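Okay, structure first, notes after.
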Amino acid sequence: MTLEKAIKTALEYENNVRDVYRDAIKKVTDETGRKMLEVLAQDEQHHVDFLNAKLDEWKKSGKITAEKLETTVPPKRSIEEGVSKLEKRMSDRDFGVERELLKKIVDVEYETSEFYKSVIGDLDDEGQKMFERFVEIEEGHLAVVKAELDYLTGSGYWFDFNEMNMEH
């Protein structure tokens with residue numbers, strides 16, 4: 001896959017993910033949940049803007065510079081602390097709508113991450129660096145959403161680690 005095609009395809013994925021977040025924001029009733037989705041939607045919009053700039057750069061010069069893509073999503077430790085504080089406040093509500101929306105978001109984030117992983121091997125050094133950073137960020141988004149979903153579903157998992165084992 002050429003770098004131009006990879007960027008254009010990445011734009012399709014990023015626009016889709018952003019739109020899923022924006023749709024979810026309209027449906028979520030919990031203010032804290034809505035704020036989390038707004039941050040993630042803004043991050044996805046930043047990705048769209050970044051990719052558009054890289055596409056313009058490619059069209060003008062035939063190459064790109066792999067500047068560092070930033071994210072508004074906090075580190076994993078901050079996420080864990082924030083969700084821990086929410087547990088008390090959220091324990092007595094039914095979050096059926098939110099669970100369904102989060103499941104949809106997990107699917108699109110996973111699909112987007114998989115696209116980025118698949119394209120890395122086809123690109124030159126600068127393209128690889130750029131898309132490797134996208135993998136990191138999208139996997140961070142996925143971790144945030146999965147942690148929230150795990151909490152709401154009571155799955156017994158936290159950041160993909162089993163918190164309890166009924167066999168012991």
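Could you calculate the contour length gain from Asp19 to Arg34, that is, 0.36 nm times the residue separation minus the distance between their Cα atoms, to one decimal place in nm?
Details: separation 15, 0.36 × 15 = 5.40 nm, distance 1.42 nm.
So the extension gain works out to 4.0 nm.
Distance from the Cα centroid of the range 13-67 to that of the range 132-150 is 14 Å (rounded to whole angstrom).
Relative to the current alpha-carbon distance between Lys26 and Val48, full extension at 0.36 nm per residue lengthens the span by 5.9 nm. Taken one residue at a time, the phi angles of the range 102-117 give Karplus couplings (6.51, -1.76, 1.60, θ = phi - 60°) of 5, 4, 5, 5, 4, 4, 6, 5, 4, 4, 5, 4, 5, 4, 4, 4 Hz. Gly and Pro are set to x. In this rough spin-label picture, where each label sits 7 Å from Cα along the Cβ direction, the Asp122-Glu136 distance is 2.4 nm.
Quick note: the coordinates plus some simple rules give every number you see, no bench work behind them. Note that the structure is predicted; figures quoted are calculated from it, not measured. In this analysis, Cβ positions are derived from the backbone assuming ideal geometry, glycine residues included, and neighbour counts consider all displayed protein chains.
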